[in-house]
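Novice: Sharing a structure, written as structure tokens. Questions coming.
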């Protein structure tokens, strides 16, 4: 591992800490506010930005995102995401008391992240920057998946989990766009799209915070924000799947992440069904 890549991984870990503490702080603040509404966006933003704890969490998250962008400029996307993915364990520690289902979900997800780390040993930085049409298609498809998760899928999951998934998918799309944009030149055209993805993810996450617990919302967002760009690293940026045992570990890691996410998204027995689609919030 080069010094440059090592510095990128250190920054990715710092970013994970900042972002997950930010999610925890924002969840605690948003959950206690009057209902946020897509129909009254300025009023809803006013509620958030006049809450001191939420504002501190928000700007801590911005700092974490800046660290993440610098990390992407120094290290491969898959390596940065693998380091960032450990944030789910930090989030679980901040939440404290977990249900048996949540403990299982976090344990399986962390096991998957450990396997993912093993699969990345001796990984070198690829020289390709990806095909811009393929990146654009990935980001466009992510918008459709996020809408599906926030709408029909949300009705059968734990409160806020569908919105957490939508936020994770959109943040991941924004991260893919960021990796493309840091190359510079004509790839800077991805900046408006990646900002739009992050903006929509922000909206989904804040609405989710008022519907479910921190792990069902921010936890789901963290898992998918980190897992999907690792897949994009292979599909878009030439970060090939390793051979042999490391390849098996990579596949097993993704299976664990999916199982862990499913456990966190499953509603508890007796939990009331989530409200209707996001558009119905008022």
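Each reported figure results from applying straightforward, stated rules to the coordinates on display, with no laboratory input. Keep in mind the model is a prediction, meaning the values are calculated, not measured. In this analysis, Cβ positions are derived from the backbone assuming ideal geometry, glycine residues included, and neighbour counts consider all displayed protein chains.
Novice: Could you work out [θ]222 nm for the chain from helices alone, using -39500 (n - 2.57) per DSSP H run of at least four and dividing by all its residues? Round to the nearest 500 deg cm²/dmol.
Specialist: Roughly -23500 deg cm²/dmol at 222 nm, from the helical runs in the chain.
Novice: I'd like the FRET efficiency for residue 246 and residue 4, computed as 1/(1 + (r/R0)^6) with the beta carbon distance as r and R0 of 35 Å, rounded to 0.05.
Specialist: Once rounded, the FRET efficiency stands at 0.95.
Novice: Mind ordering 102-110, 139-147, 34-42 by average Cβ neighbours within 10 Å, highest first?
Specialist: Ranking, from highest mean packing down: 102-110, 139-147, 34-42.
Novice: How many nm is it between the label spots at residue 153 and residue 136, if each spot is 7 Å from the Cα in line with the beta carbon?
Specialist: Output for this residue pair reads 2.5 nm.
Novice: Give me the Kirkwood hydrodynamic radius of region 192-244, using the inverse of the mean 1/r over all pairs of distinct Cα atoms, in Å to one decimal.
Specialist: Radius from the Kirkwood sum: 12.9 Å.
Novice: Given labels modelled 7 Å from the Cα in the Cβ direction, how far is it in nm from residue 33 to residue 49?
Specialist: Taking the two extended label points, one gets 1.1 nm.
Novice: Also: Going by a ≥ b ≥ c, the root eigenvalues of the Cα gyration tensor, does region 147-276 fall in the rounded group (a/c under 1.5), the prolate group (a/b larger than b/c) or the oblate group?
Specialist: oblate
Novice: Sticking with this structure for a sec: Taking every eigenvalue of the Cα gyration tensor of region 21-101, multiplying by 5 and rooting it, what semi-axes result, largest first, whole Å?
Specialist: Semi-axes, largest first: 27, 19, 11 Å.
Novice: I would also like to ask the following. What full-extension length gain, to one decimal in nm, is calculated for residue 195 and residue 107 as 0.36 nm per residue of separation minus the Cα-Cα distance?
Specialist: That works out to 28.4 nm of additional length.
Novice: With everything on Cα atoms, drop me the angle between helix 244-265 and the longest principal axis of the chain, reported from 0 to 90° to the nearest 10.
Specialist: Taking Cα atoms only, the helix is inclined about 10 degrees.
Novice: Now for a separate question. Roughly speaking, what % of Cα-Cα pairs in the chain are separated by over 23 Å, rounded to a whole number?
Specialist: Value for the chain: 50 percent of Cα pairs lie more than 23 Å apart.
Novice: By how many degrees, between 0 and 90 and to the nearest 10, does the Cα long axis of helix 161-181 differ from the longest principal axis of the chain?
Specialist: Taking Cα atoms only, the helix is inclined about 40 degrees.
Novice: Under the 0.36 nm per residue contour assumption, what length would be gained going from the current alpha-carbon distance of residue 182 and residue 97 to full extension?
Specialist: 26.6 nm
Novice: Could I ask something else about it? With angles folded into 0 to 90 degrees, how steeply does helix 52-74 sit against the dominant principal axis of the chain? Use alpha carbons for both and round to 10.
Specialist: 20
Novice: When only C-alpha pairs under 8 Å and at least 6 residues apart count, what is the relative contact order of the chain, in percent?
Specialist: Rounded, it is 28 percent for the chain.
Novice: Could you sort 202-210, 180-188, 251-259 so that the peptide with the highest average Cβ count within 10 Å comes first and the rest follow in order?
Specialist: 202-210, 251-259, 180-188
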